[in-house]
Amino acid sequence: MRVFEKNPLEKGLAERLREHGVSRRGFLKFCAATASMMALPPAMIPAIAAALERARRPSVIWLSFQECTGCTESLTRSHAPTVEDLILDLISLDYHHTLQAAAGEAAEAAREQAMRDNHGQYLLIVDGSLPGPDANPGYSTIAGVSNYSMLMEAVEGAAAVIAVGTCAAFGGLPAAAPNPTGAVSVMDLVKDKPVVNVSGCPPVPMVITGVLAHFLTFGRLPELDEYHRPLAFFGQSIHDRCYRRPFYDKGLFAETFDDAGARAGWCLYRLGCKGPSTYNACATMRWNAGTSWPIEAGHPCLGCAEPRFWDAGGFYVPLSVPTGPASDYLLAAGAVGAVAGAVVATKARGRAKEEAAVRQPVTVEELEQKL
Amino acid sequence: MSDPMDFLLLTKGPLFNLAVTVFALGMAARILEILVNGRRPNYSEARGGQWLPGLRTVLTRSVADPGTFKRAPFNVVVGWLWHLGFIVTLLFFIPHIALIKSLLGLSWPGLPNPVVDLVTAVTLVALVATLVHRRTHRVKRRISTPEDYLVWTLVFLLVLSGYLAYNRIINPYPLALGLHILCAEVFLIVLPFTKLTHIFTVFIARWYNGASFGRRGVES
Amino acid sequence: MSERIVVDPITRIEGHLRIEAQMDGVNIAQAWSSGTMVRGIETILQGRDPRDAWAFAQRICGVCTLVHGLAAVRSVEDALAIELPTNAQLIRNLMIGAQYVHDHVMHFYHLHALDWVDVVSALSADPKATSTLAQSISGWSKSSPGYFSDTQKRLKGFIESGQLGIFANGYWGHPAYKLPPEANLMAFAHYLEALAWQRDAARLQAIFGGKNPHPNFVVGGVACPIDLNSDSAINAKKLAEVQSVIASMRQFVDQVYVPDTLAIAGFYPDWFQRGEGLGNFMCYGDLPATGSADPATFLFPRGVILNRDLTTIHEVDLHDDTQIQEFVSHAWYDYKGGKDTGLHPYQGETRLDYDGRGGVKPPYQQLDVTDGYTWLKAPRWKGHAVEVGPLARVLMLYAQGHAQTKELVDMTLTTLKLEQRALFSTLGRTAARTLESKIVVDAMQGWYDALVANIKAGDGRTFNETLWDPATWPREARGAGFMEAPRGALGHWIVIKDGRIDNYQAVVPSTWNAGPRDPSNQPGAYEAALADNHQLADVKQPLEILRTIHSFDPCIACAVHLVDPVTGERIEVKVV
Amino acid sequence: MSATMSGLPSIPVQVETPAGGGACHGNALAILHEVRHALERLISTGEATRIDLHALPFGAGDEAWLTALLGTGEVRATIEALGPTSVQETAIPGVWLVDYHNAEGQRLALHLEITCIPGILRTQCRELDTAVATLDTRLGAATPGGSRPLS
């Protein structure tokens, strides 16, 4: 997947930065931040520097379908690299509804131009789910074209597809039961191109930029887990990396919001934390330039990076609690069973009673007399 | 079911409902049958109370008498170990307490997880020892039925899957947790129909025994 | 035959919006606004735990990322009559305030500015003159010739790379761009600065809500406890961070946002004379001093203004089923009682019916505007089409004699040499957004001070637990949660039965503004505004349409919604 | 205590006990052990080590606890390149804290470097090619009437 062959005249990143007056130290620092962002060990920094020396701006086409723009908003919160560095120095963001200047026909023309010029080499980013091929195409259109047609057309010339956010990656909210619009994920439709899923509702900003930086640096996609998520960020569960984990181990739990345990930062398992079954980087990268993350701010993890998290049980119900009304079943079945048992037993008892009724008690004396 | 999350949701939802239903139906029927039936009437004149001896037997039978202990110390100690271990992990692991609370509305304090983890490990070792003993002891091997092995396997898998899930030896976690829940569900479903029923009937039986002896004026 | 102009996608907004305009020569005669994407979130909400509703509702929109979550929380709190601890109220106000300022600044610089600012023209600016210009309008520190020269160099390098990225195919050089190169360069520098600034501003919601976008909420208070001695709670360090974010917000609004708005507006006086639209305005009110039960304590008042008559404020009742109603006569939905009936949100019902209600099979060139033409419904207040949003709020504050508003509005009108009538226009809307940011950011300092004082007085409560357990709830309850979202009046209506959501409906600002015509053919606010005095200099480059549409700050994912049929009738859907 | 040794108070060590206690959530301790291994490696083979503290699941108080324990050494430097980077030797010789910030003051990365001198402090050989030219320009500007290099 070599995408950097197109324009040999274009300058490498180091040179571009130097032209902006960025020193070599600045470049090295940029590489250090990039390593940190890609969750790579600092020992990789020289390799990253060497790769970025040559890196050119790949064309990126960003399609938004059934989405809420939360993923784009999240992207703009990235502080390393910043979104302005990203769009001015690192990538060429050739189509993006929320940020691009052009509208209407001009916007579509920009997309088509970029697809032609970079055929086979552009990165396609998708946020939002889309109505599947069997759903009514009118549920979501852009420029009069159904999302499905637009995706398939854009995928054709893409080097790779990055599904940003849980909706694009797994169907997300639109696909939550009862999935009124027949929403599907990108991976459901794209079979012949590499797909990376950057899940999260929204994803951690640095995870989005981290995947882009990885592609930019090494010209290929990072190593993925079974859900096609980059292992560097989704390799470990929230629970395993949670700073409150020692409290879980000690058996110290907040029982409600704002009790003494909550104030002391005890484990939120009993308040419904889905950290144990959720794989994401919140616990280490945190949010908004390291300001905080949901668990640090006292709220249990919603599990938003996992498939079907919307249907995986109440957000305030502990992970070990069944999702259905099991206690109703327990009661009802128990009652039915009890009645059945009682009926059977009563019948047996009836026989015993009958026997008892014809019983003729004898005393020892009577017995002796009879004998 | 290729997706671990789908699998977990299946075990936490429909399968759990099914398991609980079968379990409650079977168990309630059996217990009610026992209670309503009562014992065969004893028409002889009572020579002592029933209640106190009944209760006492519930307690005393829980401890092996010196004779039994001497004859089969291994059975007694190891049996005790894993029964106790099973109960502790079942009733004092916080996620289990949360589950019970959601089902019955009852809740109590739990134990720190490392304690439960250690107890689980000991339970597993004791269970393996029990199996080895059953296979190597000539008499025991003779009297063992397929049901005995089935029940052993279910108990062992249940504890083992819990141990693996907690220690995150199987990944991803939704798969591990789903497997553990599935084991628990199989366990619940067969419980009313195998010797596992003793979990609920053992004390009734002991009470009946004690009461019956008590009525006869005998101390058991 | 006159021409039909289509702009789809309308970019630099949230969501998927299509505008079709019927031209009469160079004038727009009529316009139609269409939301082209539907997800069905309200259907998805049915049967779930009301305490979870906020997380679903919040994902209606990631731009106004706070408002739907909080409106959902408030709807449950209204249904169950849950009272909030003082700290929770103040923290929520701070988060709402941060949402306004963050959202408005990003709208101005990143979504709206390119309608007025020609980025390419900035290349020919003189950095020294730009510096002089910047220093003449504000005391903002980043204003040296060297700074603007560096910014220009960066822009030049970018454009010369030949890959224009997000700036590709903009209407650069369009005759409607009026700013001199220096103003363009200054605005471009501030475009980049605002991107950096907003990252810092977003941290306030992260401190209280764990992250932004999509911070966390909880019914009955806030999830973050307060404990000055704990690392894991709102402590002195975090409070100091909040204070510093508020300070940075105030500084940016005072020294960059307000001066830039006035400076840019000064070059476009004609845009204070078009794009007015309906002349009816509505607010639900928000930012309570205590609980949300008493509108009299709100910073933003509640009420309706009709026909620009600022002397009469009409009362709004969210629970009265004759006041707020939604119509689907021109939307891709069907009503049981016929498409011309209006339904209050509590009785709300909707069925997706794209094919049956005039939806054109994609790919299509033109909508069938005689029938349904959008996924947005048409909400009406007592039958009136009304505009909601910053202009409505500023007018309401102005009408009620709010001192700071009067001062700010009058100052703006004087500076720009405009009459009061100029407020009812495209740029009037944009200016109102800036002015209310100033009002809100100043109020934030007050809430922060009150929060600190309350904590110092020994009150650390952040959560009211009494009605947390659904077992304590009545069998049936219903409530309305409202907000003044940055884009205007927002309401969520919830019906709770046996601890579960029985019915849920959101009527959101962009539905009021971007909605279609109603049965009596009254247009929505966008449609009316576009029909007001718009001439296109070049029909191929409909920049004028973008200006007026962007002045509303469209948020279309918000606006599109549906309620499940109350009956058993199901939408034909293939669940994959 | 011999006369040549300085007294404890004169050693620039500053250890602050974390306020409120309990701030250490366990991960900081593990890092310290890793630092110890890295120091031994540095001493025996000269190999330097970098640890990215940002990638670790620290609790709110962990980082403060760790930096307080490592203390403050003699050398402190600030590099202005793409925003400030502060380099601080800790009270443990050879253990450096390198704190990268962007121009807005937000932290990009926090590294512990176990090395004799952190790489970012060194003058970059790549930039030496401009060194003579830059000096010449300045010389030219500083000398009235201009000046030519002597060579």
Chain B: angle of helix B:51-60 to the longest principal axis, Cα-based, in degrees nearest 10: 50 degrees
Neighbouring partner chain Cβ atoms per residue of D:90-96, average, 10 Å criterion: 0
Debye intensity ratio I(q)/I(0), log10, chain C, q values 0.06, 0.07, 0.09 Å⁻¹ (C-alpha model): -0.29, -0.40, -0.68
Rounded, prolate or oblate (a/c below 1.5 giving rounded, otherwise prolate when a/b exceeds b/c) for the range A:328-370 by Cα gyration tensor: prolate
Nearest-0.05 FRET efficiency for D:E80 and D:A131, computed from C-beta distance (R0 25 Å): 0.90
Viscosity 1.002 mPa s, 20 °C: Kirkwood-radius Stokes-Einstein D of the protein assembly as shown over Cα pairs, µm²/s: 63 µm²/s
Å³ per residue enclosed by the Cα convex hull of the range C:355-464: 254 Å³
For C:G146, net neighbour charge (Lys/Arg +1, Asp/Glu -1) across residues whose Cβ lies under 12 Å away: +2
Per-residue mean of C-beta atoms belonging to partner chains within 10 Å, peptide A:36-47: 4
Pairs beyond 32 Å (Cα-Cα), from A:K347/B:K140; C:K156/C:K178; A:K191/C:K211; C:K142/C:K211; A:K191/C:K153; A:K193/C:K156: A:K347/B:K140; A:K191/C:K211; A:K191/C:K153; A:K193/C:K156
The range A:56-234: Cα Rg divided by the 2.2 N^0.38 Å rule of thumb: 0.95
Ordering of C:8-14, A:39-45 by packing [mean C-beta count within 10 Å, highest first]: C:8-14, A:39-45
Computed FRET value (nearest 0.05) for C:A236 with D:L121, which takes r as the C-beta separation and R₀ as 41 Å: 0.75
Distant-in-sequence amide H partners of C:G170 (H built 1.01 Å from N, under 5 Å): A:A102
Chain A - Rg (one decimal) and Dmax (whole number), Cα, Å: 30.5, 127
Rg [Å, one decimal], Dmax [Å, integer] - the range C:399-492, C-alpha atoms: 20.2, 62
Rounded tilt (10° steps) of A:104-117 against the dominant C-alpha axis of chain A: 80 degrees
Shielding of C:60-70 by partner chains, average beta-carbon count, 10 Å: 3
Cα long-axis angle, helix A:24-37 against chain A (0 to 90 degrees, to the nearest 10): 20 degrees
Amide H partners (placed H, <5 Å) of A:Y122, local residues excluded: A:A159
Calculated from backbone phi, Karplus (6.51, -1.76, 1.60) coupling profile of the range C:107-120 in Hz, x at Gly/Pro: 4, 4, 7, 9, 10, 9, 4, 5, 6, 10, 10, 9, 4, 5
Rh by Kirkwood over Cα pairs, then Stokes-Einstein D for the range C:155-283 at 0.692 mPa s and 37 °C, µm²/s: 173 µm²/s
30 Å Cα-Cα reach of C:K377 towards lysines, excluding residues that sit fewer than 8 places from it in its own chain: C:K336, C:K339, C:K361, C:K497, C:K540, C:K574
B:E45/C:E83 FRET efficiency (R0 60 Å; Cβ-Cβ; nearest 0.05): 0.30
Under-5 Å amide H pairs with C:Q30, H placed in peptide plane, nonlocal only: C:Q22
Given charges at Cβ of Lys, Arg, Asp, Glu: the range A:328-370 dipole, positive-most of A:Q360, A:G350, A:A335: A:A335
Karplus 3J(HN,Hα) series, Hz, for the range A:210-225 with 6.51 cos²θ - 1.76 cosθ + 1.60 (x for Gly, Pro): x, 5, 4, 5, 5, 4, 5, 6, 10, x, 8, 8, x, 5, 10, 8
Relative contact order (%) - criterion: Cα under 8 Å, at least six apart; region: chain A: 14 percent
Three-way shape call for the range A:245-311 based on the alpha-carbon gyration tensor, with the a/c threshold at 1.5: oblate
Mean Cβ neighbour count within 10 Å, used as a protection proxy, ranking B:155-167, C:311-323 highest first: B:155-167, C:311-323
Isotropic mean projected area of the C-alpha convex hull, the range C:186-238 (nm²): 4.8 nm²
Computed over the range D:24-121, Kirkwood Rh from alpha-carbon pairs, angstrom: 13.8 Å
In order through the range C:430-437: 3J(HN,Hα) via Karplus (6.51 cos²θ - 1.76 cosθ + 1.60), integer Hz, x for Gly, Pro: 5, 5, 4, 4, 5, 5, 6, 4
Amide N of the range B:66-89 lying under 17 Å from the label point, which is placed 7 angstrom from the Cα of B:V132 along Cα→Cβ: B:73-82
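The numbers here are math on the coordinates, done by the rules we state, and not lab data. Because the structure is predicted, anything quoted here is derived from the model rather than measured. Virtual Cβ from ideal backbone geometry, glycine too; neighbours counted across all protein chains shown.
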